[in-house]
Amino acid sequence: MEYLASLLTNIVEQMKLVPMQKLALQPGVRAVYRLTIRYHDRRAYDSVATLIRTSGNGAMLEVVFRGRFEQKPLRSLVTQADYEALVSGFQKVNFDKLGDQPKLLSYGQDLWMWERAAGTFHKSVLLAPVGAEGVYWQLVRLAWTHLGEAVRMLESG
């Protein structure tokens, strides 16, 4: 699993994005959620979607596609209802104590890494959306239902 996690953390590092732990410690930041997506067959650009909840401005989603748009984030506001549903969904699956999806393959499947950070707390969970079941399927549904822009595919080539 460590190898798979490094594939996804390398995407964030290559894009030179601010690490979750640093974002969570910035003044006014209440919580940070991040979804990193790696397409195994390169049919689409890998992406990193970061949702930052601040005390003053609500929730902002920033999506960056590796190798596109000069690594500039595409920004959109997330409604309070979608934000609350996402937080509630993370609580329902007990995200903070959840392990990585079992039996992930090191090849031939798209990989997602969900992360959550608040203050000094940081947690990540690896999953493969195709074949995900139970709580892992719930994490896939949360993204599609409440953060549609985070899972938008930008086809390559």
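Annotation: of all residues in the range 96-106 being part of a loop (DSSP other than H, G, I, E, B) and in contact (Cβ under 8 Å) with a residue 12 or more places away in the chain, the one that is farthest from residue 2 (Cα to Cα) is 98.
If I ask for residues that are of a type in the set (S, T, N, Q) and within 23 Å of residue 62 (Cα to Cα), which ones from the range 77-102 would you list? 79, 80, 88, 91 - these are the residues of the range 77-102 that are of a type in the set (S, T, N, Q) and within 23 Å of residue 62 (Cα to Cα).
Just to check your reading of the model, which residue among 68, 116 is on the phi < 0 side of the Ramachandran plot and either hydroxyl-bearing (Ser, Thr, Tyr) or out of contact with any Leu (no Cβ under 9 Å at 6 or more places or on another chain) (or both)?
Numbers: 68 fails: either hydroxyl-bearing (Ser, Thr, Tyr) or out of contact with any Leu (no Cβ under 9 Å at 6 or more places or on another chain) (or both).
None of the other options fit; the residue is 116.
Taking the range 1-95 and the helices (runs of 4 or more DSSP H) fully enclosed by it, the elements with 2 or more residues that are among the small types (Gly, Ala, Ser) are at 2-14, 80-92.
Residue count for the range 117-134 satisfying the condition of being assigned to a strand (DSSP E or B) and farther than 28 Å from residue 41 by Cβ: 5. If you filter the range 130-157 down to residues that are over 20 Å from residue 66 (Cα atoms) and of a type in the set (Ser, Thr, Tyr), you find that the one that is modelled with the lowest pLDDT is 145.
Screening residue 109 on (1) part of a loop (DSSP other than H, G, I, E, B); (2) more than 20 Å from residue 6 (Cα to Cα) shows it passes everything except condition (2). Residues of the range 135-155 that are farther than 19 Å from residue 52 by Cβ and in a loop (DSSP other than H, G, I, E, B): 153, 154.
The values are calculated or read from the model by the stated rules, or taken from the named source; none is laboratory data. Source: prediction; values computed, not measured. So basically every Cβ, Gly included, is an ideal-geometry build from the backbone, and we count neighbours across all protein chains shown.
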